[in-house]
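These notes are about the structure you will find just below.
Computed from the coordinates by the stated procedures, all read-outs in this text should not be read as laboratory data. Note that this is a predicted model, so its numbers are computed, not measured. Cβ atoms come from the backbone with ideal geometry, glycine included; neighbour counts cover every protein chain shown.
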Amino acid sequence: MTSLFSLAWIYFRIGLIFVGGGYVLIPLLNHIMVEKYQWLSQRQFLDGLALSQLTPGPLAMLATFTGFRAAGFLGGLVATVFIFVPCVVLMLVVGRNYARMKNIDLIKNTLDGLLPAVVGLVAAAAWNLGASSLSGAKEFITLAVGFALFKWTKVNPMLVILGAGMVGLLLN
């Protein structure tokens, strides 16, 4: 069983790099949760990721799920709290000083440099998830339809997710 201090430290460090939204963390979370600590199997990770998409704050829910699997109820609570501590502190600091900081070249240039890296991390996450979860024609068709709906329509993403779940349920 993982110690609560260890969970707090792991999720605090993950929270420090929560730049660009949660999806950039998927490769890191996969490495930590599946490969390094073996809290989850690859299938459990993918299932947890899919289920977490049905909730607000999906990757926070994945942290809660993994913390619970690693150390019970308190583990889930610790993982959830500590993944948010860095961003809350950062937002409190930035929020109070944003008007002054937004025109500083160092900050603007740093953020401009982060954007391509964030896009790359999201692409890597999509690649890794696709490689481990797309195994047949049904999955590729669902992927293509979901992509097309997100890209070229204004269909609510929740309807697409629920629809894909229904397709999976009916075709299995």
Candidate lysines for bridging to LYS138, where Cα separation is under 27 Å - those fewer than 8 sequence places away on the same chain excluded: LYS151, LYS154
What label, among (1) 0.97; (2) 1.89; (3) 1.16, belongs to Cα Rg over 2.2 N^0.38 Å computed from the structure on display? (3)
Which order do peptides 135-142, 96-103, 6-13 fall in by mean Cβ count within 10 Å, highest first? 6-13, 135-142, 96-103
Lys/Arg +1, Asp/Glu -1 at C-beta; the chain dipole; positive extreme among GLY15, PRO86, GLN53: PRO86
Ranked highest first by average number of other Cβ atoms within 10 Å, how do 40-52, 68-80, 146-158 line up? 68-80, 40-52, 146-158
Using the crude model of +1 on Lys and Arg Cβ and -1 on Asp and Glu Cβ, and no other charge, please compute the dipole size for the chain relative to its Cα centre, in debye to 20. 280 debye
If you put +1 on each Lys and Arg Cβ and -1 on each Asp and Glu Cβ, how big is the dipole of region 49-150 around its Cα centre, in Debye rounded to 20? 240 debye
